[in-house]
Amino acid sequence: MTVAKPRPVPTPTSQPFWDALGDERICMQRCEACNGWVHYPRTRCSHCLSDRLSWHELAGTGIVYTFSVARQPTTPQFLDETPQVIAVVELDDGPRVTTTIVGIDADDVKVGQRVRAVFDHGDDGITLLRFEPL
């Protein structure tokens, strides 16, 4: 029996984020009270607790802020993605996102490396945000 990879489950609060990824755009919330970026989507600002959040489109480029290489699958379902480069990317617009780096040998990824968004469209209608070298 093959077990499917775990997939995100959109909520009413996060649906705009997932819809944008499906359209190959990155949209994140920004607080109108303190101007802080909010990610993952939520109903209140993670900085000041304001509920005045609005959605903004981001450019989709940035740098590798930090990363780790998983040479053993994080779960058996991810055997086909090993080695997996799990990274935090700091977007040029400011926020940081946890993601995976694709399209490069794991040993060639470097902190500070320029990357751009790529969109991994799943059969289930969910698109994942990944990054590749620029």
>> Let me confirm something: among 87, 20, which residue is modelled with pLDDT of 95 or more, closer than 26 Å to residue 4 by Cα and either part of a helix (DSSP H, G or I) or in contact with a helix residue (DSSP H, G or I) (Cβ under 8 Å, 6 or more places away or on another chain) (or both)?
In response: 20
> Quick check, is residue 15 farther than 21 Å from residue 88 by Cβ, loosely packed, with under 12 Cβ neighbours inside 10 Å and free of Cβ contacts under 8 Å to residues at least 60 places away in the same chain?
Replying inline: yes
> Counting just the residues of the range 56-73 that are out of contact with any Leu (no Cβ under 7 Å at 6 or more places or on another chain) and surrounded by 14 or more Cβ atoms within 10 Å (Cβ to Cβ), which one comes out farthest from residue 96 (Cα to Cα)?
Replying inline: 70
> Can you find even one residue in the range 99-116 that is in contact with a Leu (Cβ under 8 Å, 6 or more places away or on another chain), open to solvent by 40 Å² or more (accessible area, probe 1.4 Å), modelled with pLDDT of 95 or more and among the charged types (D, E, K, R)?
Replying inline: yes
>> Yes or no: the range 31-47 includes at least one residue that is touching a residue at least 60 places away in the same chain (Cβ under 8 Å), out of contact with any Lys or Arg (no Cβ under 7 Å at 6 or more places or on another chain) and surrounded by 15 or more Cβ atoms within 10 Å (Cβ to Cβ).
In response: no
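The values are calculated or read from the model by the stated rules, or taken from the named source; none is laboratory data. For clarity, every value in this text was computed on a predicted model and none was experimentally measured. Here the Cβ is made from the backbone with ideal geometry for all residues, glycine too, and neighbour counts use every protein chain on show. Accessible surface is based on the protein model in full, side chains and every heavy atom, while ligands, DNA and RNA are left aside. Shrake-Rupley method; radii C 1.70, N 1.55, O 1.52, S 1.80 Å.
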